[in-house]
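The values are calculated or read from the model by the stated rules, or taken from the named source; none is laboratory data. Bear in mind that the values here come from a model prediction, so they are computed numbers and not experimental data. Every residue, glycine as well, gets a Cβ built from its backbone with ideal geometry; the counts of neighbours run over all protein chains shown. When the accessible area is computed, the model is the full protein with side chains, heavy atoms only, and any ligands, DNA or RNA have been set aside. Shrake-Rupley method; radii C 1.70, N 1.55, O 1.52, S 1.80 Å.
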Amino acid sequence: MKIIRLTPDTTGLVDWPTLSTAKKSVVTVGVFDGMHQGHQAVIRRVVELAKRDRALSVVVMFDPRPGLVHAWAKAHDGAEPGSDAVDVEALTSVDERIRIMRGMGVDYVIVTRYTLAFAAKSYRFFLGQMVGKLGMRALVLGQDAAMGAGRAGDVKAIRTLAEGTGVFELDVVDDRGPGYVRVPAVIEPHMPQVHGEPADPLAGLTKDQLRAWSKRNNCRLNRVWSSTNVRWLLSQGRVRDANKVLGHPHAIEGVVVHGEERGRTIGFPTANLGDAISGYLPVDGVYAGWLIDMGPASDAEGADAPDAVGEDSRLAAGSPWRWPAAISIGSKPTFSEKTGLHERVVEAYAIANDWLDLYGHRVRVEFAGYLRPQIRFEGADELVAELNRNVEETKRLTA
C-alpha cells in the first residue's frame, strides 16, 4: 500500500497526483475515525470493485477531523488548529486507520489536510478533481455521506451528478448497522459506580420513559455504526458495546514513562503512559484488556505508518509482545493547557511472568471490558486484595 500526504494551498486547491496512466480507480472519501464496522463495509466494497474492474482502490482520508477544524475556528475567530493541536475526540490516530486499511488490501491512502479553504470548495468541483486527477470511475459512499461546501453533496445530489455526466458510477453501501440509537448532543463522561460492564440505561424503558430521557439529555438520533455512538459508549464505560460497533477492540497508544512507581512496592508494577496519547480515552475506571509492546519509540520516528510485518505481528493474539493487562485510567485535579480538560493518567499492569522493562517503548493498550470504578482504599492490604481480584477477572475476560 502507498501513502500520499497532501496539503491544500491557501486557496484550498490540492495538487492531486496521477496514480496511473493505465488503470482507473475506485475511490471513497471520509475521515474514517475509529474504523468501525460501517467504515469497514465501505472500504471492503472499494477493494471488491477495484479487484473486479482491475482498478486501483483509493481512500481519500481527511486529517484533522472536520469537526475539530470547524469547532476550533468557531472558538478562535476563524483561525484553524495548528499541527500541535490535540484532538481529544479522535477515536483513532491516522496511523491506526492506515494500519487497518493496509490489512484490508487498499492500494492507496491519500491523507489530505482538511482546511477551511478546502472545505469551501463545492462537491462538484471536488468530484471533478477525483475524476480528472485520480482517474475515478467509481465512487463508494455510505448512505448518510455528504461532502463539499455546506455538505450540499449528499448521496442524492451525487447520484444525480453521476447519472447526468456519465463519467463515474456511485455505489452506496448500507453502513448504518442495526438501525439508530439516541445519543446526547453533548457527551459528558460518567464513571459507572457498578462493578462489571455497565448495562444500557435505555434497556427496558417504556416509550414515555425513553422520550423523557431523550428530552432531558437533549438526544439526537445517530447510526448505531457511527463514531459518535462509539464515543458515547466509551464515555460511559460500555467498552464491550463499543467494541461490537468497532468490530475490534478499542485501543490507545503512547510511550511508557517513569511514574511514581508505587505499584512496584506492592507487587503490581505498571506501565505508565506519557501525556501524548493517541486514541480516545474511555471514562475513568479500571478495565481489562491487553498491553502490546510496539518497540522502542525512537524506532518509529519518521515512519509514515506502522510497519506491515513487525507491528502487525505484535498485535496478533499469542504474540510474545502481547500480555493480558489490568488498566487504570484516572484524572488529576489539574487541567491540561492544550485541551482544557482534566489531565488523565493511564497505567497498565501486564500479567506476565517477569518484570517488563518498557521505559521509552511505544505501547498499545486494548480494552476488553470495564471492571470497576476508581476507589479510594484505606490501606495497602485492601488495595492489594482488590488488585488481585482485578487480575483474575482480567484473565477471564481476555482468555
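So here's what we get for this one:
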quantity: The range 9-23 residues that are among the basic types (K, R), paired with ones that are open to solvent by less than 90 Å² (accessible area, probe 1.4 Å) (beta carbon under 6 Å, 6 or more apart); calculated: K23/A55; K23/L56
quantity: Tally, over the range 287-296, of residues that are open to solvent by 10 Å² or more (accessible area, probe 1.4 Å) and β-branched (V, I, T); calculated: 0
quantity: Identity of the residue in the range 234-244, open to solvent by less than 10 Å² (accessible area, probe 1.4 Å) and out of contact with any Gly (no Cβ under 7 Å at 6 or more places or on another chain), that ends up nearest to A185 (Cα to Cα); calculated: S235
quantity: Residue within the range 16-26 that is buried (at least 22 other Cβ atoms within 10 Å of the Cβ) and under 28 Å from V224 (Cα atoms) present; calculated: yes
quantity: Selection from the range 83-133 of residues that are assigned to a strand (DSSP E or B) and among the β-branched types (V, I, T); calculated: V109, I110, V111, T112
quantity: Filter pass, D9 being at pLDDT 95 or above, surrounded by fewer than 16 Cβ atoms within 10 Å (Cβ to Cβ) and farther than 12 Å from V109 by Cα; calculated: yes
quantity: Members of the range 134-153 found to be in a strand (DSSP E or B) and either open to solvent by 50 Å² or more (accessible area, probe 1.4 Å) or of a type in the set (V, I, T) (or both), listed by number; calculated: R137, V140
quantity: Members of the range 100-124 found to be open to solvent by less than 50 Å² (accessible area, probe 1.4 Å) and farther than 20 Å from L6 by Cβ, listed by number; calculated: I100, M104, G105
quantity: When residues of the range 154-172 are limited to those that are assigned to a strand (DSSP E or B) and closer than 21 Å to W225 by Cα, the one most open to solvent (accessible area, probe 1.4 Å); calculated: D154
quantity: Pairs, first surrounded by fewer than 15 Cβ atoms within 10 Å (Cβ to Cβ) in the range 325-338, second at pLDDT 65 or above and not in a strand (DSSP E or B), C-beta under 6 Å, six or more apart; calculated: K338/V86
